[in-house]
1. Within the stretch 190-206, is even one residue modelled with pLDDT of 80 or more and surrounded by fewer than 15 Cβ atoms within 10 Å (Cβ to Cβ)?
2. Given the residues 49, 32, which is the only one that is under 14 Å from residue 148 (Cα atoms), part of a helix (DSSP H, G or I) and modelled with pLDDT of 90 or more?
3. If you go through the stretch 152-186, how many residues are more than 30 Å from residue 264 (Cβ to Cβ), touching a strand residue (DSSP E or B) at 6+ places or on another chain (Cβ under 8 Å) and crowded, with 21+ Cβ neighbours inside 10 Å?
4. Scan the stretch 352-406 for residues that are closer than 18 Å to residue 306 by Cβ and part of a helix (DSSP H, G or I) and jot them down.
5. Taking interchain pairs and intrachain pairs at least six residues apart, which have beta carbon atoms under 6 angstrom, with the first residue in the stretch 102-125 and at pLDDT 90 or above and the second not in a helix (DSSP H, G or I)?
6. In the set 84, 96, 129, which member is farther than 30 Å from residue 160 by Cβ, touching a residue at least 40 places away in the same chain (Cβ under 8 Å) and within 30 Å of the chain's Cα centre (by Cα)?
7. Given the criterion farther than 30 Å from residue 37 by Cα, buried (at least 18 other Cβ atoms within 10 Å of the Cβ) and not assigned by TED's automatic domain parsing to the domain that holds residue 47, identify the matching residue among 125, 99, 114.
8. Within the set of pairs 6 or more residues apart or between chains, which connect a residue that is in the same structural domain as residue 215 (by TED's automatic domain parsing) and within 9 Å of residue 271 (Cβ to Cβ) inside the stretch 237-259 to a residue that is assigned to a helix (DSSP H, G or I) and at pLDDT 90 or above with Cβ atoms less than 6 Å apart?
């Protein structure tokens, strides 16, 4: 994402409009120039790369766009900058200074110190260390001296899409409230969205169901007692996940300060699924755990009329939603919901069993690992309105069939 100083937003009344680049020949040419600059800089220092970027920037009026694109290219997704030194630079400096203190300062003494230390390190590290390696590694931990060792060049259009997305993400750095309406979609799309809500530890209140859609209210960073930049970034990171949902809309209230007076002012921002933004997040992975994957693979070898479906049901509970792992459907109309409980943390177990109690499902099957310390978590299986299947390392499909056929 982009730092605040590289965000370009236009305000029309209370409405905020982030800068977006059109995917045209002119902008593609700019992106290609920057990508080529990074490709040629592999093996050189970050300081030299920054100077080359300044040369590209020149006196251009769109210099902030150039800097924004370059900032994205410097990110971990594309570039790898490393400290190249025979030892940790701080340790290397200590050795050089200690050895140099034994002689009178001079050019000859400096060269002799480097040669002596190079020979010593070559023996200790069992590889050749030259005086030039010590000279370049002495301050290799300074940002300008880091070496660009790898660069994964993106497609120019993909870089422009990432820039547009980052500009929109920057809107949420100062959000006080976000209301997201995820309309009726494929259930698996909700699963990805809710997973990222949990991953980024966002404070959200969820209402609705899979048949009609969900309304998700998220508190923004400026609604906290102490505004948190980290929390604002977490909300911004949710947007690429939201783009995998087919139909949605959101409205955000923003707390900004007037550029001239410094006084607080309220802004508004809205977005929907027709926004044209492109996500760089991968689609949802097939399974959450090896236990789920193993169970699904072993189920395929069974000869049974029961059909196994993954993450189809969305069960609304007060203020949240529960998404069971599998649904079992029989041609005669019988349906069971299967939830695998294999994670051991007490907080997770307490929340999971609380969700099961609140779900009100009378067709729920819980597969519980025998390795879990339910007593320590304060959880009692007998208080849960569900059929229970116990397993050790792998969940047996036959054990599940026995329970549901009984």
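1. yes
2. 49
3. So the answer is 1.
4. 397, 398, 399, 400, 401, 402, 403, 404, 405
5. 118/129; 118/130; 121/86; 121/129; 122/128; 122/129
6. 84
7. After applying the criteria, what remains is 114.
8. Once the first residue is in the same structural domain as residue 215 (by TED's automatic domain parsing) and within 9 Å of residue 271 (Cβ to Cβ) and sits in the stretch 237-259, its partners that are assigned to a helix (DSSP H, G or I) and at pLDDT 90 or above give 239/169.
The values are calculated or read from the model by the stated rules, or taken from the named source; none is laboratory data. Note that the coordinates shown come from a computational prediction; the quantities given were computed from them, not determined experimentally. All Cβ positions, glycine included, derive from the backbone under ideal geometry; neighbour counts span all protein chains shown.
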